[in-house]
Amino acid sequence: MPSKTDVAPWWRHAVIYQIYIRSFADGNGDGLGDIAGIRSRLPYLADLGVDAIWITPWYRSPMADGGYDVADFREIAPEFGTLSEAERLIEETHKHGLRIILDIVPNHTSDQHRWFLNALAAEPGSPQRARYWFRPGRGPAGEEPPNNWLSVFGGPAWTRLHEDNGRPGEWYLHLFAPQQPDLNWTNPEVRAEFEAILRFWFDRGIDGFRIDVAHGLAKHPLLPDINVRSAQFPPGLVEAAEMRGEAVAQHPHWDREDIHEIFRQWRWMADSYAATPQGARMFVAEAWRIRTGGLAQYLRMDELHSAFNFDFLKCPWDADKLRTTIDTHLAMLAQVGAPATWVLSSHDVTRPVTRYGLSGDWTQLRVGLDAGLVDIELGSRRARAAALLMLALPGAAYLYQGEELGLPEVDDLPTDILQDPIWERSGHQIRGRDGCRVPLPWSDTLPALGFSTRKPWLPQPPQWSTLSVESQTHNLGSMLTLYREALRLRRTYSAFLDGHLRWVEAPSRVMAFKRGKDVMCLVNFATDPTPLPAYDKVLLASGRLDGHMLPPDTAIWLQCKE
Ligand code: GLC
Ligand code: CA
C-alpha cells in the first residue's frame, strides 16, 4: 500500500487516471469494459507512472446515463463484476503502489433505486416521497410542471407521474435525465444514507471519492422559478447560459450556501480515517456552475480537499487567457491553502486533440462536430504541448483514459447507436458525449483492437490500430511515450512537486514559467518559432526543435541554472 509518510498528502500533487469502466478493458469478452479488465491492466497504469486511478460509477444501474443513475450504491453492476472482484481490485491497486478513488453520485439516484420505487408506491406527502422532490403541478389540472427549471440534458427538469389511484399525478424533479430523480438533501435520512455509503467503501480501502455534481445538492426549499432569461436558453445550453452570468449567489439549484454544511460533515468523516494505515481519505469535487471565485468556499480547510479546474479545460489555446486562468485559480486557492487540480479531458467533454484542432466556438465542449472544421494534426500538436503545460503546473492533475494515446473525438458514430441521453433529450440536436467514450485500442487485434474479444459496445474507428497502446509503446515520437516520459520526470525532479511557480518574461504569445530553482516550462502559442533561453539540459519537448528555436504549438521542459 502507498505510504502515508509523504511530505504532503498524496492528493496534493498526484496524477490521477480516470477510468470510464465501460470503455477501458473488457475482461470477460462481452464487449463491455469491466473490473476484470481493469485488473488485467493495472501493470499498464503503474508503468505509465500515474499515482492513482478514479473509476466512474460501477454500481448496479439500469445505465440510462452510463451508470450515473445508481440503483444500489453498495452493489456492483453485474455487467462490471462482483463485490469480491471489486475488493480484489482495491487490494491489487494498492499492491501496484497506486491509490484508488470512486465516483459518488449524491445528487440523484436511478428511478430503479428502491427508495424511488417505494416513493412511487407511496402517497403524496409520505415520508417515502420526502426523500425526493415531488410536487403537484401548476395550472388548473396540475398539467404544468411545478416550476420552469430545465434538465441539463434538455427539456423540463420535471416528469409527471401516472398514479394508479386515478388522482392527478405529482411531478418529480430531475436536473438530469428522468431516470435520475433528484434527492432531497434537507432530509436527514438522505444525509445518513450517504454517510453510510461513503463508510461502506472507505472501510473497503477506497482512498477517496470524486463527487458528481457537487454543486447541485442543495435546492431552494420553495423551488422558485429561475429568472426567465436563463430559462429561455434552448435545451442543452442551460450550462452556457449560466456560465454567462446567471449563476448568481442564490441560484435556486446550483452552488447554494447550504451545500457547505454537507461537505463539512463529509470531511470530518474522511479525516476520521487518519489513524488507519492508508491515512485520511480525500474528495475531489465536480462543480461546474460556480460563482466567480466561489470554488474556494468548497475548498476551505474543513471542506473538500480538491475540485477540478474546469476553467483551464475550457480555456482557448491562447497564452494570455491561459495565464490569466492559471493565475486566477492559484490566487483563489491560496486563500484557502488548497492544491490546484488540473484537467484537460473527461468522459463529458470533446477530446482535446479534437478540441484544440477546432476552428469553431470554444465554449462548446460538446460539439455536433463538422469534421471539416477540425485539423487533427494541429489539435494533436497542441494537445501534446497542453499536456506538458498541465503536468508542469503546481498541484494535482487528472488524465482521462485515452488522453495519453492522443485519441480524437469519434464524431461520426451512427446516430442509431448513440447512447448518451443528451441525444434524445435535445431532440437530436446535440450528439452528446459518446464520441469521447469509445473503447480504448490496446493492440491491432480485431475485432476490438485488444479491448475485447467481441464487438465493443461502441465501434472503434479502424485507424485507431495505429493509436493503440501496442503501436505507441515503442514509438519514441508517440503521445504515449510523451506522457510516460513526462510522468517519469515529474517524479524525478522535486521542483515539479513543491517548486514555487514563477512567471518568466517571454516574447508575446509565449508562456514561460519556472518551477522551483531549476525547472522551466516554455510554451509557444505564436505562429513563428521562438528562441530558447539559456539552459543546461532539455528534459522533454512536445515536438521536434528547430535548432535553438521552439516551434509554434510546442512546449518544452528545460533544466536551467538559477
Ligand atoms: C456528471 C457526470 C456526467 C453525468 C452527470 C449526471 O456531470 O460527469 O457524466 O451525466 O453528472 O450524473
Ligand atoms: Ca465485460
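Rule-based calculations on the coordinates, nothing more; no lab input. What you are looking at is a predicted structure, and each value in this text was computed from that prediction instead of being measured. Ideal geometry is used to build each Cβ from the backbone, glycine not excepted, and the neighbour counts take in all protein chains shown.
Past 28 Å, Cα to Cα: identify those pairs from 314/514; 95/537; 314/455; 219/321, in the order given.
The answer is 95/537; 314/455; 219/321.
Using each residue's phi in segment 144-154, evaluate 6.51 cos²θ - 1.76 cosθ + 1.60 at θ = phi - 60° and report the 3J(HN,Hα) Karplus result to the nearest Hz, with x for Gly and Pro.
Residue by residue, segment 144-154 yields 9, x, x, 8, 9, 5, 10, 6, 4, 8, x Hz.
Could you check the simple spin-label distance between residue 473 and residue 504, using points 7 Å along Cα→Cβ, in nm with one decimal?
3.6 nm
Collect residues whose amide H, placed 1.01 Å from N in the peptide plane, falls under 5 Å from the amide H of residue 540; neighbours closer than 5 in sequence don't count.
Here 557 satisfy the definition.
Could you work out how far helix 479-492 tilts from the main Cα principal axis of the chain, as a 0 to 90 degree angle to the nearest 10?
Helix 479-492 and the main axis of the chain meet at about 80 degrees.
Using the Cα centre of the chain as origin and beta-carbon charges of +1 (Lys, Arg) and -1 (Asp, Glu), tell me which of 383, 439, 146 is placed farthest towards the positive end of the dipole.
Working it through, the farthest residue towards the positive pole turns out to be 383.
Give the distance, in whole Å, between the Cα centre of segment 418-460 and the Cα centre of segment 38-61.
What the calculation gives is 19 Å, centre to centre.
Most exposed first by the Cβ proxy, i.e. fewest other Cβ within 10 Å, how do 80, 194 rank?
Ascending number of Cβ neighbours within 10 Å: 194, 80.
State, to one decimal in nm, how far the label point of residue 117 lies from the label point of residue 204, with both points 7 Å from Cα in the Cβ direction.
Taking the two extended label points, one gets 2.0 nm.
Give me 465, 478, 23 ranked fewest to most by other Cβ atoms within 10 Å of their Cβ, as a rough exposure proxy.
In increasing order of surrounding Cβ atoms, one gets 465, 478, 23.
Residues with amide H under 5 Å of residue 210's amide H, sequence separation 5 or more or different chain, H placed in the peptide plane at 1.01 Å from N; which?
The answer is 102, 103, 104, 284.
Amide H neighbours of residue 519 under 5 Å, at least 5 residues apart or on other chains, H built in the peptide plane: list them.
Long-range HN contacts for residue 519: 560.
Residue-wise, which Karplus ³J(HN,Hα) couplings in Hz belong to segment 511-517, taking 6.51 cos²θ - 1.76 cosθ + 1.60, θ = phi - 60°, and x for glycine or proline?
Karplus-based 3J(HN,Hα) across segment 511-517 equals 9, 9, 8, 9, 10, x, 8 Hz.
What's the extension gain from residue 327 to residue 126 if we count 0.36 nm per residue and subtract their Cα-Cα distance?
67.3 nm
How big is the chain by Rg and Dmax over its Cα atoms, in Å?
When restricted to Cα atoms, the chain yields Rg and Dmax of 23.4, 81 Å.
So if each residue of separation counts as 0.36 nm, and I subtract the Cα-Cα distance between residue 302 and residue 167, what length gain in nm does that give?
43.9 nm
Quote the FRET efficiency, to the nearest 0.05, computed for residue 443 versus residue 492 with a Förster distance R0 of 22 Å and r equal to the Cβ-Cβ distance.
Calculated transfer efficiency: 0.15.
Determine ³J(HN,Hα), in whole Hz, for all residues of segment 312-318 in sequence, where each value follows from phi through the Karplus function 6.51 cos²θ - 1.76 cosθ + 1.60 and θ = phi - 60°; x replaces Gly and Pro.
5, 4, 7, 5, x, 6, 8
Extension gain residue 222-residue 549, at 0.36 nm per residue separation less the Cα-Cα distance, in nm?
Difference between extended and current length: 111.6 nm.
Under 1.5 on a/c is rounded, so check that first for segment 100-238, then, if it is not, pick prolate when a/b is larger than b/c and oblate when it is not; a ≥ b ≥ c are the square roots of the alpha carbon gyration tensor eigenvalues.
oblate
Counting helices only, and only those DSSP H runs with n ≥ 4, report the 222 nm mean residue ellipticity of the chain as the sum of -39,500 (n - 2.57) divided by its residues, in deg cm²/dmol to the nearest 500.
-7000 deg cm²/dmol
Among 469, 343, what is the fewest-to-most ranking by other Cβ atoms within 10 Å?
469, 343
Sticking with the crude label model, points 7 Å out along Cα→Cβ, report the distance from residue 559 to residue 453 in nm, one decimal please.
4.7 nm
Counting DSSP beta bridges with both partners in the chain, what percentage is antiparallel, nearest 5?
Taking every DSSP beta bridge with both residues in the chain, the antiparallel ones total about 60 percent.
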